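For reference, the structure discussed in these notes is given below.
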Amino acid sequence: MDRQIITVPRELMRVMNSSWDIDWRGQSMGETTGGMNRTVFTAFPRWMGAPSLYLRRETILSWRALKLAAQGQVNIYRLSMIDPIGFDFQGAVWGAGIGAEGIPFDEGVTFDEGVGFDFQPTCTAVNGAAAGATQLRVNITPAGIVPRVGQIMGHGDWPFAVVAVSMVSAGVYDLRIQMPLRAAIAAGDMILHEGVGLFEVAEEGGGDLSYEFKHEARPVFRFREVLTR
């Protein structure tokens, strides 16, 4: 079955809490006679998250449209893994001098709706890295932002987390990451400072959009990463 990918605009991800983590897909087999716990891994690991959103009026309607387009668990959400303490997106916007309308064309004009391109802070891969790699060398020149331990980054809609950072030279850093890369990266490829992934809702009917008399809703979406692409 072909599954449609529905991109969720970042401005609709008004997150009240962030709870992204890796499900390593381990299954306990109980203790051995020696008192050791046995765990087997029966499937590929994947990202899980249950962000709680804060929505008002038009954003409720926008999310309703996205949910209807997703048809429950039929289609796939492409969304930013917002993690405010891992990456200060708004600080990066201010530091780059980006206005609320986004990035205009080179001539300074925007699209007909008065908006420009999305701002996505990036660094670049210095060397290529194969699928399964757990180390990545990056050049931070594009945005001038040094990655942080614990930050969720990404490449090609495959997110990963930084578990160690070491400086190699001015503007160049080695990153140790988890989970291992699921797809190869070529030298010069852009690495997103804020990971983006492909997710499906983990339970049918999730993300209740009922709202109060103040026209506010606080839905919780339980997402699991889609690995078959």
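Every number here is computed from the coordinates shown, using simple stated rules; none is lab data. What you see is a predicted model; the values in this text were computed from it and never measured. Glycine gets a Cβ as well: all are built from the backbone with ideal geometry, and neighbour counts include every protein chain shown.
Go ahead and run the numbers for FRET between residue 178 and residue 78, Cβ-Cβ distance against an R0 of 22 Å, rounding to 0.05.
Calculated transfer efficiency: 0.50.
Only residues of the stretch 172-208 count here: report those whose backbone N is under 11 Å from the spot 7 Å along Cα→Cβ of residue 143, or say none.
The answer is 191-196.
Multiply the residue gap between residue 64 and residue 189 by 0.36 nm, knock off their C-alpha separation, and tell me the result in nm, one decimal place. It would help to have the intermediate numbers written out before the result.
Working: separation 125, 0.36 × 125 = 45.00 nm, distance 3.49 nm.
Once the chain is fully extended between residue 64 and residue 189, it gains 41.5 nm.
Working out 0.36 nm times the residue gap between residue 213 and residue 2, then minus their Cα-Cα distance, what length gain in nm do you get to one decimal?
72.0 nm
Any chance you could tell me what percent of the C-alpha pair distances in the stretch 145-229 go past 20 Å?
Roughly 50 percent, once rounded to a whole number.
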